[in-house]
Amino acid sequence: MEIKDRILIVEDDQSIINLLTAILKANSYQTMTAKTGAEAETLLASWCPDMVILDLGLPDFDGITVLKNLRSWSSMPVLVVSARTHERDKVEALDMGADDYITKPFGSSELLARIRTALRHHRAVPSGDAGAQSGIFRTGALTIDYNKHRVYVDGIDANLTLNEFRILAFLGKYAGRVITYDAIIREIWGPNMKNDNRILRVNMANIRRKIEADPTQPRYIFTEIGVGYRLADGDTAS
Ligand code: CA
């Protein structure tokens, strides 16, 4: 028998619940629904889902609180689905341990792609593993060689500087997922670097000039305005 991944939908808007349930069931996921934060906490502990789709605006308490409590005992993937367009909420959710977010209204293919990415990463990367990655990452004509510390486009060395390589390597480790500006800055320049996105923007502009055919129409590194960057998902799982 086929094993179906279980996804808990935490959402109080019945039309969104109906939409999510229809999309997920049509794609062979098992679902349950919690309409309040309290119901969510009960089902997270009792039903043990593989993943959570979490609305931030719940009637009893904020979705961020659900996320914070969940992260104290579980690293299961959390995809935040929110009508909120405030960048601050997205950044807070990501920094609180959400794996990704999607903004309403969303298309079913976008939703399913985010779910697949989150589940795959969760299986591929042991929780809490911040160790060095080895091997090759490929997406389109872009190749990151983690062993040689080189990046190639169409087989030609892109000549990235050390920090440019480290930024791209970090995005590659979480390809398909948005990584916040702060998370990248902490990873590359350390926790004492003042929270200034300018140095990151300058580095990113240089990386794009080297790897994108048209930096204004990026194919590899996408900007999530006010939040961070997302590298295109890899072609292979290696
Ligand atoms: Ca809501």
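The values are calculated or read from the model by the stated rules, or taken from the named source; none is laboratory data. Note that the structure is a prediction, hence the values are computed from the model and not measured. Heads up, the Cβs are rebuilt from the backbone with ideal geometry, glycines too, and the neighbour counts pull from every protein chain shown. Surface accessibility is based on the protein's heavy atoms, side chains included, excluding ligands, DNA and RNA. Shrake-Rupley method; radii C 1.70, N 1.55, O 1.52, S 1.80 Å.
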Legend entry - Sites Leu112 and Asn159 - FRET efficiency at Förster radius 30 Å, r taken between beta-carbons, to 0.05: 0.20
Inset, instruction - Evaluate the distance, in nm, between pseudo-label points positioned 7 Å from the Cα of Lys4 and of Asn197 along their respective Cα→Cβ axes. - result: 4.0 nm
Legend entry - Rg/Rh for the stretch 131-237, where both radii come from Cα atoms and Rh is the Kirkwood radius: 0.93
Legend entry - Given Lys68/Lys173; Lys25/Lys68; Lys68/Lys90; Lys90/Lys173; Lys4/Lys173; Lys25/Lys104, the pairs whose alpha carbons are separated by over 22 Å: Lys68/Lys173; Lys25/Lys68; Lys4/Lys173
Legend entry - Sparse-neighbourhood loop sites, trypsin sites (Lys or Arg not before Pro) in the stretch 163-238 - DSSP loop, at most 11 other Cβ within 10 angstrom: Lys194
Inset, instruction - Run the numbers on the stretch 131-237 and let me know its relative contact order in percent, using alpha-carbon pairs under 8 Å that are six or more apart. - result: 30 percent
Inset, instruction - Pull up all non-local amide H partners of Phe106: gap of 5 or more, or a different chain, and H-to-H distance under 5 Å with H placed in the peptide plane. - result: none
Legend entry - Where only alpha carbons of the stretch 6-124 are counted, the Rg and the Dmax (Å): 12.7, 35
Inset, instruction - Using amide H atoms built 1.01 Å from N in the peptide plane, name the residues 5+ places from Asp233, or on other chains, whose amide H lies under 5 Å from its own. - result: Gly176
Inset, instruction - Find the all-direction average of the projected area of the Cα convex hull for the chain, expressing the result in square nanometres with one decimal place. - result: 13.7 nm²
Legend entry - the stretch 199-214 versus the stretch 148-176: alpha-carbon centroid distance in Å: 11 Å
Legend entry - Span per principal axis, largest first, for the Cα atoms of the stretch 135-195 (Å): 36, 23, 16
Inset, instruction - Compute, for Trp73, the solvent-accessible surface of its heavy atoms (probe 1.4 Å) with the complete set of protein chains present, and express it in square angstrom to the nearest 10. - result: 140 Å²
Inset, instruction - Would you calculate the separation in nanometres between label points at Ala83 and Ser28, each defined as 7 Å from the Cα along the Cα-to-beta-carbon direction? - result: 3.4 nm
Inset, instruction - Could you work out which residue, out of Ile53, Ile136, Ile64, moves most in a Gaussian network model of the chain, that is, has the largest mean-square fluctuation with Cα springs under 10 Å? - result: Ile136
Legend entry - Probe 1.4 Å - accessible area at Val227, Å² to nearest ten: 0 Å²
Legend entry - Phi to ³J(HN,Hα) by Karplus 6.51 cos²θ - 1.76 cosθ + 1.60 over the stretch 47-60, Hz, x for Gly, Pro: 8, 6, x, 7, 7, 10, 9, 10, 7, 7, x, 10, x, 8
